[in-house]
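Below you'll find the structure, written out as structure tokens, and then a few comments.
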């Protein structure tokens, strides 16, 4: 019970994910997968930013230098 | 009365200018070809990318290095990246490569790296239905 409370109260996302994964194991998504879900949601809304080097940024994430807003799109193509 | 602004198809010079402004590491190699690098995350590897502007048809994008693994999703049969669903009209011949194709390539690489790690393609995509 204490572990669940700790995970719930943890304000740092990465640390919180680590704690939830200690409880649920690999069934709980990693911080990378959680971020990917956020990028996916932002992708269709045209809210993903891309730095001049190509780094993918979500709203609120900062980088030095210029960024370009990625217009909404969905991937397609031939599955191999 | 002013005529409404008519958006023009950007010529090669305009594309070169805008791409250099936004992604200066992309170099124009002539014959409507650019080569440059993208790194989707600070911890990612650096990808060498080739963009071929087809002058009206949608530009083709290839990953030159590192070689994409076998079975990579969202590729066309010639190995070029499938960056958008044509029926969404997210790209038109009036689009600037530096504002559409390059950011979408960075996104594709971001989801590709996650696909390598997890086996799941997290990017929003349209299921391909063979004809």
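With viscosity set to 1.567 mPa s and temperature to 4 °C, compute the Stokes-Einstein D of the protein assembly as shown, Rh being the Kirkwood radius across alpha carbon pairs; µm²/s, no decimals. Show your work: numbers first, answer last.
Numbers: Rh = 18.5 Å.
Stokes-Einstein gives a translational diffusion coefficient of 70 µm²/s.
Report the far tail of the P(r) of region B:67-131, meaning the percent of Cα-Cα pairs longer than 19 Å. Could the numbers behind the result be given before it?
Details: 712 of 2080 pairs.
Result for the distance tail: 34 percent.
GNM on chain B, C-alpha springs below 10 Å: top fluctuator among B:14, B:35, B:101?
Taking springs between Cα atoms under 10 Å, the residue moving most is B:14.
How big, in percent, is the set of alpha carbon pairs in chain B lying more than 23 Å apart?
Details: 2986 of 8515 pairs.
Considering chain B, 35 percent of its Cα-Cα pairs are separated by more than 23 Å.
State, as an integer percentage, the relative contact order of region B:1-111 based on alpha-carbon contacts under 8 Å between residues 6 or more apart. The partial results should precede the final answer.
Values: 134 pairs, mean separation 28.3, N = 111.
Across region B:1-111, relative contact order equals 26 percent.
Write down the radius of gyration of chain A and its Dmax, each obtained from C-alpha positions, in Å.
16.3, 49
If each residue of separation counts as 0.36 nm, what is the full-extension length gain between residue B:12 and residue B:35 once their alpha-carbon separation is subtracted?
On the way: separation 23, 0.36 × 23 = 8.28 nm, distance 1.50 nm.
Working it through step by step, the gained length comes to 6.8 nm.
What do you get for the angle between helix A:13-24 and the principal long axis of chain A? Use alpha-carbon atoms, 0 to 90 degrees, nearest ten.
50 degrees
Would you mind calculating the relative contact order of chain A from Cα pairs under 8 angstrom and at least 6 residues apart, reporting the percent as a whole number?
Numbers: 81 pairs, mean separation 16.3, N = 80.
About 20 percent, as a whole number.
Taking 37 °C and 0.692 mPa s as the conditions, I'd like the Stokes-Einstein D for region A:19-65 in µm²/s, using the Kirkwood hydrodynamic radius from alpha carbon pairs.
Numbers: Rh = 12.2 Å.
It comes out at roughly 270 µm²/s.
What whole-number distance in Å separates the alpha-carbon centres of region B:73-95 and region B:11-66?
Each part's Cα centre sits 15 Å from the other's.
Say R0 is 45 Å: what FRET efficiency, to the nearest 0.05, do residue B:70 and residue A:44 get from their beta-carbon distance?
On the way: r = 29 Å, r/R0 = 0.64.
Efficiency, from the Cβ-Cβ distance: 0.95.
What's the average, rounded to a whole number, of partner chain beta-carbon atoms within 10 Å of each residue's beta-carbon in B:24-35? Intermediate results must be reported in sequence, preceding the final value.
Values: counts 4, 3, 1, 0, 0, 0, 0, 0, 0, 0, 0, 0.
Mean number of neighbouring Cβ atoms from other chains: 1.
FYI, it's all coordinate maths here, none of it is from the lab. What you see is a predicted model; the values in this text were computed from it and never measured. Heads up, the Cβs are rebuilt from the backbone with ideal geometry, glycines too, and the neighbour counts pull from every protein chain shown.
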